[in-house]
Each structure stands twice: as C-alpha cells, then as structure tokens.
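Read the structure below first, then the notes.
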Amino acid sequence: MLTEGIHSSADTLNQVLLLIGTRRSHARPDASHAFGYGMEIYFWAFVVAVLVLFIGAAASFYEGVGELRHVRPISAPGVSLTVLALSMLLEGASAAGSSARAQAARPPRRCPRSVQRH
C-alpha cells in the first residue's frame, strides 16, 4: 500500500510538471527565444518520463526487498484488492482523459493530392 501511495503522489507531481510545461510552452516570444517557448512541453514531458521511471523503480525495489526480508501472511486481502481496483479505475480514467485531449490537439491528417478521392 505504501508503494501505491508513492505511485499516486508521483502521478500528482507528474501532472503538476506537465501543467507547468503546458503553461510555459504558451509564453510569447522574447529576445532570448525568438520562436517562442513551444518546445518546452517536450522538456517537461521528458522530465516526467524520467521521474516516473526512477520513482516507480525505487519504490518497487524498496518495497520488494522489504517484503522478501520480512515475509508475512496477508491479513486483509479485501482492503488490498479494493485499493488496487480503485487505482485501476482512476488510472484508467486518467489515461482515457489524456488520450482524448491528445486526440483533440492532434492536427487533422492530410492526404497528398494524388491520393485524395473526388
């Protein structure tokens, strides 16, 4: 459960960093960035990807080693399964929302003139 708590905290931090990147990418051009800040979103997305990998790996490794060192029987499987099911629902909703936003922001496809039908 500690791992799931860390995972949820990392997800929240990731969303905050992506929000920062999105806002910074809309900044107007200035003397130091003549073409604007549009590429900042890619930097912040990279930072989020690295954080997801490192925080998730560290938390999983820590919990895994701890569980192997102190093996004990499961005391309340219902609570654990409920938290996992709730996490799956919330993560699925987050993924669906992100996918919908990405699809909405995607420019329409354009076929070459030779392929278009009349």
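What follows is calculated from the coordinates using simple rules that are stated; it is not laboratory data. These numbers come from a predicted model, not from an experiment. Glycine gets a Cβ as well: all are built from the backbone with ideal geometry, and neighbour counts include every protein chain shown.
Some notes on this structure:
- Applying the condition of being loosely packed, with under 10 Cβ neighbours inside 10 Å and of a type in the set (Gly, Ala, Ser) to region 53-111 and asking which residue is nearest to the chain's Cα centre (by Cα) yields Ala102.
- Residue in region 38-49 that is among the acidic types (Asp, Glu) and either loosely packed, with under 11 Cβ neighbours inside 10 Å or under 24 Å from Ala105 (Cα atoms) (or both) present: yes
- Test for Gly21: is it farther than 30 Å from Leu81 by Cβ and surrounded by 14 or more Cβ atoms within 10 Å (Cβ to Cβ): yes
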